[in-house]
Amino acid sequence: MNTLDYFILLVYFAMVCGVAALFAGRQKSLKDYFLGDRNVPWYAATFSGIATIVSATSFLGGPGMAFSGNLQFLQYRLAMPVVLGIICGIILPMFFRLHVYSIYEYLERRFDTRVKLVASVLFLLLKAGYLAICMYAPALVLSRMLGMSANTIVIAVGAITALYTMAGGIKAVIWTDTLQLGIFGGAIIFVIGLICYKVDGGVAAVVSIAGEHGRLSFFNFSWSLTESYTFLGALFGGTVYTLSQFGVDQAEVQRFLTTANIRQSNIAMITSMVAAAAMGFAVFFIGAALFAYYQMNPAKLAGGVGPNDVFPKFIIEEMPHGIKGVLVAAILAAAMSTISAVLNSMATVMLADVWPRITSRKPGVSAGRWCTLGLGAVATMLACFGDKFGNILEASVLIGNLFGGSLVGTFLLGMLCHRVTARGAFIGMLCGFASAVWLWLGTDVAMLWYGFFSMLVVFAVGYCVSLLEPAPTAERLNGFVVGRFRK
């Protein structure tokens, strides 16, 4: 890193803080702070949704997986049509019609407070672990480039992101996400072009070399439940995993509830998911291209390199000054866009779902800001243990599958099954989560199946328990179950 690189980083931080400053202190209510008064343009919500999903975890972990393996991880994207049908046809219209801050408020209205609290706690645990991974990811690069410890960088990134998220609320998150998406989206295109340029023969040679060594292998039609990424696992497990990402995750859904109407919300959701899938393929192609590059330059890999380190190594050793600064800014942008969105969503859930159980005092904007800052501090502390995570992308998928299936199952149980009671949903959700933990700790089943099987457990246990007691009353069904609208 030289003076030019540091100057580029300074400009990046100035731009992010400048955008956030435009919205600092303008919120007069929690609706303003968490939902942007529902006047955010659909395209901004779209860009923010993409930026939240395509994190530094993907930006660094994806190339590592493709470099050391293949593209089979991406098979789960094939579930997208089914997922979009469920989200745009059932889930988003339900949330939009109920005018909720936290999507887990739905569970209280449909079932009871216990179900909402368990779901909220599962979400908070899920996102605390995910945030830690997202904060650690950029530290992998910067620690090598700046000669600083990874924990020092984690603390700096966590503090800056928490502060601008705290000050500006959801609008600051959405518009800084939009800026950051432009930075790391452009960086992805540039990196692919540069690597292909450095390989003799260009794109054709990259595809040929990577293909010969299996790095472009996509489909795996094995019936085994223990193989990490199979077509069957992608079809079933991938559906539940993607639903947990886009349909029942406050961090994603919240920005789609800031639009003016359900039509704009659906357009934003569809565009966001398709664009995120395209960027996912591009990020993995970087790994395949890096494999081809180092196959032609084996001396540059003397001593070996881990999957998490291959892309940072290329940035440090092969990028010219100036471009190096832009790439580091892109990695920071990918991390900070996700961190800010998740912090804002966690604060929303804390104040909407947990706060009323602690005190009868109604929370204001200042409570939202302090909650955001406190959650940022907790996530930053967890991120200091990032070297224990293994491959950062696989670690984030593991966390999502451990927690996501029981949440997806509980929401769909409530929206689709009018016979299910609060006790049935409560016991079903706990059993679903327990089953995912058992699959993780007690079996060799691949992690993409955890969410699918835990969702099945929620449905089976929740429905059977509900049959042992009286059916829910009309006030728990009308407006909360598909086909049961309020009169």
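The values are calculated or read from the model by the stated rules, or taken from the named source; none is laboratory data. Just so it is clear, the model here is predicted, and its values are computed rather than measured. Glycine also receives a Cβ, built like all others from the backbone with ideal geometry; neighbour counts cover every protein chain displayed.
Remark: residue 62 matches the filter, which requires a residue to be of a type outside the set (Ser, Thr, Tyr), farther than 14 Å from residue 174 by Cα, surrounded by 19 or more Cβ atoms within 10 Å (Cβ to Cβ) and touching a Leu at 6+ places or on another chain (Cβ under 7 Å). With respect to (1) farther than 30 Å from residue 4 by Cβ; (2) surrounded by 22 or more Cβ atoms within 10 Å (Cβ to Cβ); (3) among the polar types (S, T, N, Q), the lone exception for residue 359 is condition (2).
Residue 215 satisfies every condition listed in (1) buried (at least 24 other Cβ atoms within 10 Å of the Cβ); (2) part of a helix (DSSP H, G or I); (3) of a type outside the set (Gly, Ala, Ser); (4) modelled with pLDDT of 90 or more except (2). Residues in the range 9-39 that are buried (at least 20 other Cβ atoms within 10 Å of the Cβ), more than 13 Å from residue 165 (Cβ to Cβ) and modelled with pLDDT of 80 or more: how many? Matching residues across the range 9-39 total 1. Residues in the range 370-389: is at least one under 19 Å from residue 251 (Cα atoms), of a type in the set (S, T, N, Q) and assigned to a helix (DSSP H, G or I)? Yes, that holds for at least one residue.
The number of residues in the range 397-419 that are surrounded by fewer than 21 Cβ atoms within 10 Å (Cβ to Cβ) and in contact with a Ser or Thr (Cβ under 9 Å, 6 or more places away or on another chain) comes to 2.
Specify which of the listed residues (280, 237, 287) is surrounded by fewer than 24 Cβ atoms within 10 Å (Cβ to Cβ), assigned to a helix (DSSP H, G or I) and within 22 Å of the chain's Cα centre (by Cα). Step by step, each of 280, 237, 287 is checked, and only 280 is surrounded by fewer than 24 Cβ atoms within 10 Å (Cβ to Cβ), assigned to a helix (DSSP H, G or I) and within 22 Å of the chain's Cα centre (by Cα). Of everything listed in (1) within 30 Å of residue 235 (Cβ to Cβ); (2) touching a Lys or Arg at 6+ places or on another chain (Cβ under 9 Å), the single unmet condition for residue 477 is (1).
The sole residue among 100, 83, 118 that is within 16 Å of the chain's Cα centre (by Cα) and under 24 Å from residue 479 (Cα atoms) is 83. Restricting attention to the range 423-440, the residues that are out of contact with any Leu (no Cβ under 8 Å at 6 or more places or on another chain) and either under 23 Å from residue 220 (Cβ atoms) or modelled with pLDDT under 95 (or both) add up to 1. Of all residues in the range 1-28, those that are of a type in the set (A, V, I, L, M) and over 26 Å from residue 321 (Cα atoms) total 5. From the list 281, 291, the one residue that fits, being among the hydrophobic types (A, V, I, L, M, F, W, C) and over 25 Å from residue 408 (Cβ atoms), is 291.
The number of residues in the range 147-159 being aliphatic (A, V, I, L, M) and either modelled with pLDDT of 90 or more or surrounded by fewer than 22 Cβ atoms within 10 Å (Cβ to Cβ) (or both) comes to 5. What residue, among those in the range 199-216 that are in contact (Cβ under 8 Å) with a residue 12 or more places away in the chain and in contact with a helix residue (DSSP H, G or I) (Cβ under 6 Å, 6 or more places away or on another chain), is farthest from residue 79 (Cα to Cα)? It comes out as 199. Candidates 367, 352: the one that is in contact (Cβ under 8 Å) with a residue 24 or more places away in the chain and buried (at least 17 other Cβ atoms within 10 Å of the Cβ) is 352. For the range 258-267, the set of residues classified as buried (at least 24 other Cβ atoms within 10 Å of the Cβ) and either within 18 Å of residue 342 (Cα to Cα) or without any contact (Cβ under 8 Å) to a residue 24 or more places away in the chain (or both) consists of 258 only.
Taken across the range 316-323, residues that are touching a residue at least 40 places away in the same chain (Cβ under 8 Å), farther than 30 Å from residue 170 by Cα and among the acidic types (Asp, Glu) do occur, with at least one present. Exactly one residue out of 144, 97, 110, 114 is touching a Gly at 6+ places or on another chain (Cβ under 7 Å) and either of a type in the set (Lys, Arg) or crowded, with 19+ Cβ neighbours inside 10 Å (or both): that is 110. Scanning the range 294-316 for residues that are within 30 Å of the chain's Cα centre (by Cα) and either assigned to a helix (DSSP H, G or I) or crowded, with 17+ Cβ neighbours inside 10 Å (or both) gives 305, 307, 308, 309, 310, 311, 312, 313, 314, 315, 316.
The residue of the range 40-59 that is surrounded by the fewest Cβ atoms within 10 Å (Cβ to Cβ), among those that are more than 11 Å from the chain's Cα centre (by Cα) and aliphatic (A, V, I, L, M), is 44. Step by step: first the residues of the range 218-238, then only those that are more than 15 Å from residue 454 (Cα to Cα) and aromatic (Phe, Trp, Tyr), then the one that is modelled with the lowest pLDDT. Which residue is that? Selected residue: 229. Screening the range 71-80 for residues that are crowded, with 22+ Cβ neighbours inside 10 Å and under 13 Å from residue 285 (Cβ atoms) and picking the one that is nearest to the chain's Cα centre (by Cα) gives 73.
Residue-wise test of (1) charged (D, E, K, R); (2) under 20 Å from residue 110 (Cα atoms); (3) part of a loop (DSSP other than H, G, I, E, B).
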| residue | (1), (2), (3) |
| --- | --- |
| 419 | yes, yes, yes |
| 425 | no, yes, no |
| 429 | no, yes, no |
| 432 | no, yes, no |
| 438 | no, no, no |
| 445 | no, no, yes |
| 461 | no, yes, no |
